[in-house]
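Contents: one structure, followed by commentary.
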Amino acid sequence: MYAVIETGGKQHKVEKGMVLSIDLTKDEVGKKITFDNVLLYVDGDKVEVGQPYLTNVKVTAEVKDVVKSEKISILRFRRRKHSMRKVGHRAKHTQIEIKNIKLES
């Protein structure tokens, strides 16, 4: 059984017990969150597709940690001007664990 959810403008395929990183949210560590924007639900041969979302499927997860992604390096360079600027950035992500995918009849 798996589902496809939408959060932060991105789509994620999730299964029960899975740990994944999503865009930073304001939720604290240990808090349970519910995703209502479910696009697809698959359980064996039973497949439900939302148009655009499914109203009878809820995905619950628990916030595990706030982590930083890998550092990206930005280099601004102006040719023939003897000017160069190097900047680094590490985005923060919320790490969640999927607890339950529930189909409500």
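Just so it is clear, none of the values below were taken in a lab; they were calculated from the coordinates. Computed from a predicted model, the values in this text were never measured in an experiment. Note that each Cβ is placed from the backbone with ideal geometry, even for glycine, and that neighbours are counted across all protein chains shown.
Assorted remarks:
- Within region 74-104, the residues that satisfy the criterion of being farther than 30 Å from residue 2 by Cβ and either aliphatic (A, V, I, L, M) or touching a His at 6+ places or on another chain (Cβ under 8 Å) (or both) are 74, 75, 84, 87.
- Residue match in region 16-27 (condition: of a type in the set (Lys, Arg), out of contact with any Cys (no Cβ under 7 Å at 6 or more places or on another chain) and within 30 Å of residue 105 (Cα to Cα)): yes
- Selected residue (criterion: nearest to the chain's Cα centre (by Cα)) from residues of region 29-42 that are assigned to a strand (DSSP E or B) and surrounded by 13 or more Cβ atoms within 10 Å (Cβ to Cβ): 35
- Only one of the numbered conditions (1) touching a residue at least 12 places away in the same chain (Cβ under 8 Å); (2) within 13 Å of the chain's Cα centre (by Cα); (3) assigned to a strand (DSSP E or B) is not met by residue 13, and that is (1).
- Some residue of region 87-103 being over 23 Å from residue 16 (Cβ atoms), of a type outside the set (Phe, Trp, Tyr) and in a loop (DSSP other than H, G, I, E, B): yes
- Output for region 54-76, where each listed residue is within 19 Å of residue 96 (Cβ to Cβ), assigned to a strand (DSSP E or B) and not charged (D, E, K, R): 57, 59, 60, 61, 63, 66, 67
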